[in-house]
Amino acid sequence: DPYEFDGEVAVEQLNNARAAVGLNRVDPRPKKVDRLPDYPACDGCGSEYSGTMECTSCGSAFYCGRSCQVNHWKNGGHKDECPTLKERSQSIAKTTVEKLMDESSPPLLRVQVLHDDPLDGSGPYKFAVDYGLHDAIYSAFLVDKEGVVENHTNENPLYRCCLTQWIMQSLFRGERISRQIHHGSNSFGKVDGGRILGYLHSHSDDGLQVWWKASLESAMVFLHSKISSTPDESFRCHQMARDIWAMWTHTFASKRASECILLTHDKAACLERATWMIKQMKPYLSKLQSAREGLDRNEVIQAYFNQVPAMIAAQCREL
């Protein structure tokens, strides 16, 4: 385990030898190493976590190697877009973050800016982080954590929106580039662990806790009496819960993404975090189990609430 250090005796022997020749002691404290690299996908082939080479001209395109960079320059259109790409990426990023951060706007107006996935590209996303994207994401999760049910029962339809659903499906989804390149599709079956890692590092104190509680609260909206009595609203809110918890299953199906969620400093901290997440789910599962029959269509959400804890526990054993 790279987070544990068991070589104190060897280090002491080394320090004694260094002291004998007048050298300073070495620090035996282990440094935390992030197993999941915070690299974007390659803009040439779409390979995840591989964009280690950045276009030095625009700073908005990333590649896994020289061959992808050359091919994208010659055949992928980067030669034509490069001169203006940095400026356009910065403009898109700034506009997107400003709208997401506008707490005076109803939730739907805040997230409509994500409708066309403006931050799919690694360049706009990088600049958006510089402009405060992680704070905007945290703010969005906080809205749902504290008032997603209240918003969905608001008479104004602009408030009946789940920010967590939008953030997870637009900003945190994986395979954004590879699906476009190979399938011409915006569909996805993975999450972007690098983006999740960046958000969690920016809000290390309670970023996960706020996100997790927002996800739990959002899953219960369809059970509210005012929602459940309206078939269309009930169906829409049930779909919202399915989308969010399908994303969590994608997360814990991936070892790499699970690492960025669960790993902090050592195994004990990993277990503590996993235990907290699972315990938080129990009262919500009880609500689902006691809900009126038929509200949870085919008991899909209840199935997710049984599946995800098992996935978390399995990943914990592997980490």
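The values are calculated or read from the model by the stated rules, or taken from the named source; none is laboratory data. Computed from a prediction, not measured in an experiment: that's the story for all the values here. All Cβ positions, even for glycine, are placed from backbone atoms using ideal geometry, and neighbour counts span all protein chains on display. Note: accessible area is taken over every heavy atom of the protein model, side chains too, but ligands, DNA and RNA are not part of it. Shrake-Rupley method; radii C 1.70, N 1.55, O 1.52, S 1.80 Å.
Some values worked out for this structure:
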| read-out | value |
| --- | --- |
| Single residue of the range 106-140 satisfying the filter (in a loop (DSSP other than H, G, I, E, B) and modelled with pLDDT of 95 or more) that is most open to solvent (accessible area, probe 1.4 Å) | 131 |
| Per-region count, the range 221-233, residues surrounded by 14 or more Cβ atoms within 10 Å (Cβ to Cβ) and more than 17 Å from residue 290 (Cα to Cα) | 1 |
| In the range 263-299, the residues that are open to solvent by less than 40 Å² (accessible area, probe 1.4 Å), under 18 Å from residue 222 (Cα atoms) and assigned to a helix (DSSP H, G or I) | 281, 284, 285, 288 |
| Residue check for residue 86: open to solvent by 40 Å² or more (accessible area, probe 1.4 Å), under 11 Å from residue 124 (Cβ atoms), of a type in the set (D, E, K, R) and part of a helix (DSSP H, G or I) | yes |
| Pairs where the first residue, in the range 49-62, is over 17 Å from residue 120 (Cα atoms) and at pLDDT 90 or above and the second is surrounded by fewer than 18 Cβ atoms within 10 Å (Cβ to Cβ) and not hydroxyl-bearing (Ser, Thr, Tyr), C-beta under 6 Å, 6+ apart | 57/82 |
| Any pair with Cβ under 7 angstrom, 6 or more apart, that starts in the range 222-249 at a residue that is touching a residue at least 60 places away in the same chain (Cβ under 8 Å) and on the phi < 0 side of the Ramachandran plot and ends at one that is hydroxyl-bearing (Ser, Thr, Tyr) and open to solvent by 10 Å² or more (accessible area, probe 1.4 Å) | 222/228; 224/153; 226/153; 227/153; 234/228; 245/304; 249/304 |
| Test: residue in the range 142-152 that is buried (at least 17 other Cβ atoms within 10 Å of the Cβ), among the acidic types (Asp, Glu) and assigned to a helix (DSSP H, G or I) | yes |
| Of all residues making up the range 48-76, the number that are surrounded by fewer than 16 Cβ atoms within 10 Å (Cβ to Cβ) and either closer than 14 Å to residue 176 by Cα or over 29 Å from the mean Cα position of the chain (by Cα) (or both) | 5 |
| Output for the range 183-220, where each listed residue is of a type in the set (A, V, I, L, M, F, W, C), surrounded by fewer than 20 Cβ atoms within 10 Å (Cβ to Cβ) and at pLDDT below 95 | 188, 200 |
